[in-house]
Amino acid sequence: KLGRRTATADAGSEACPVVTRAPQVVVSVIDSGINPYHAFYHAGSEIYADAAPSAVTDEIKEAFGIDAAHTLRLTRTGDFAADFADAALWASVKPGEVYWFEGTNVLAASFDAGSRILLPDDEEDTHGVGTSAAVLRANPEAVMLFLEGVTDEAETFAFTHPAVDIVSTSYGPIGSLPLPYHINNSYLGVVTNGKLHVGAADNSPSTAIQDGTAGPWWSIGVAGFEEGDSEGKQLLSGTLPDVVGDFYQTLPYCAECEDSQKGVGGTSFATPRTAGTLSAIVLQARREAGHLGGIADVAGVPTMVAGDGVTATNWEIRRALEEAAYIPTLDEYDPVAAAFDLFWLPVPPEGAYALVGWGAVTPDPEHGVITEAL
């Protein structure tokens with residue numbers, strides 16, 4: 001089920017040119033389902049206004065076994081019901097195998113199909129649409145590997161596949177209960193395989209910090225921050241986090257539409273935004289170093305960036321993020337904006353690290369997190 005296939009790379013189409021031998025970064029999101037019909041993922045959207053998605057290269061295809069049979073060409077007319085009625089296309093999709101949605105930077109595999117493989121079952125099952133979109137809004141040039149199903153199989157795939165660089169998880173025990181639970185193979189993926197794991201703190205004011213997704217020392221735990229609005233920390237979003245990310249975002253969030261977005265809040269979306277920002281750091285570092293491919297073995301050490309006399313492991317990138325994350329100031333806090341929200345706290349200088357950890361992580365050039373990390 002999880003076996004690698006050897007396949008000849010598909011040549012792609014004129015609408016989505018395939019680039020070979022280019023620096024790459026792969027972020028895996030484990031969640032409920034994705035809506036690949038949505039315009040957000042395709043050329044002409046707000047994140048691909050100037051150039052079509054082109055991060056899925058021949059090398060990426062080879063790494064994930066993407067051949068013609070694993071290339072999904074969706075009909076997109078704006079009428080979801082009519083487009084989804086392509087029964088032959090969806091009947092060809094098999095659990096546990098990776099597919100590429102042609103014309104996007106999205107790969108996907110299903111480990112818990114529900115009523116519709118890869119897609120949300122209904123409008124209550126759209127969490128993964130938002131989390132996947134948050135990664136690409138932060139870094140449209142990332143390859144986003146979406147794994148449907150919060151299962152041991154999905155987690156093992158993400159943390160052991162050699163082409164995956166960063167894993168984003170937005171689930172875990174309610175209340176950050178200090179239980180002896182960790183995401184399957186997270187430790188292996190980070191400590192042994194050299195990946196980065198970004199996990200959501202739960203949406204509560206719990207003082208416990210050891211939960212399955214944000215608590216382990218090898219993961220980067222993300223709480224909520226109201227970026228671009230009140231500039232305050234969300235009280236109901238974990239305690240003593242590693243970093244904070246934008247809690248409330250406007251994202252695609254629908255099961256059966258091909259356009260439109262809505263505002264959604266939670267550490268669930270702050271976390272993939274942080275993962276996307278990290279991926280932008282890794283991708284730019286790889287470009288500058290001439291690093292091709294995924295994590296490299298350098299003298300027995302898994303290394304995220306290697307080339308031109310430069311090396312950087314996941315731990316060094318983590319340390320760079322610790323230095324680059326910015327600390328919000330009291331001058332930036334907007335009490336008027338905060339009055340329209342619930343439980344937003346200003347960040348006082350004396351208690352900044354207790355509230356926001358290393359600081360806020362954002363791809364917004366105004367704050368210079370990516371530049372500072374590089």
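The values are calculated or read from the model by the stated rules, or taken from the named source; none is laboratory data. From a predicted model like this one, the values you see are computed outputs, not experimental measurements. In this analysis, Cβ positions are derived from the backbone assuming ideal geometry, glycine residues included, and neighbour counts consider all displayed protein chains. When the accessible area is computed, the model is the full protein with side chains, heavy atoms only, and any ligands, DNA or RNA have been set aside. Shrake-Rupley method; radii C 1.70, N 1.55, O 1.52, S 1.80 Å.
What to note about this one:
- Computed FRET value (nearest 0.05) for residue 298 with residue 353, which takes r as the C-beta separation and R₀ as 30 Å: 0.40
- Apportionment of accessible area to carbon and sulfur, the range 53-96, percent (1.4 Å): 54
- The order of 315, 217 by accessible area, most exposed first and with a 1.4 Å probe, is 217, 315.
- Heavy-atom accessible area ranking, 1.4 Å probe, most first, across 76, 21: 21, 76
- Within the full protein context, the accessible area of residue 58 is estimated at about 50 Å² for a probe radius of 1.4 Å.
- Figure legend: label point modelled 7 angstrom from the Cα of residue 188 along Cα→Cβ; residues of the range 125-156 with amide N under 19 Å from it are 147-156.
- The length gained by stretching the chain between residue 94 and residue 73 to full extension, at 0.36 nm per residue less their Cα-Cα distance, is 6.0 nm.
- A Förster radius of 22 Å, combined with the Cβ-Cβ distance separating residue 262 from residue 83, puts the computed FRET efficiency at roughly 0.55.
- Between residue 24 and 293, the built amide H atoms are under 5 Å apart, and every one of these is 5 or more places off in sequence or on another chain.
- Between residue 315 and residue 151, the C-beta separation translates, for a Förster distance of 35 Å, into a calculated FRET efficiency of about 0.80.
- Net charge of neighbours whose Cβ lies under 10 Å from the Cβ of residue 112, counting Lys and Arg as +1 and Asp and Glu as -1: -2
- For the range 20-115, the per residue solvent-accessible surface stands at 35 Å², with DNA, RNA and ligands left out and a 1.4 Å probe.
- Amide hydrogen neighbours beyond the local backbone of residue 72, cut-off 5 Å, H modeled: 100, 101, 102
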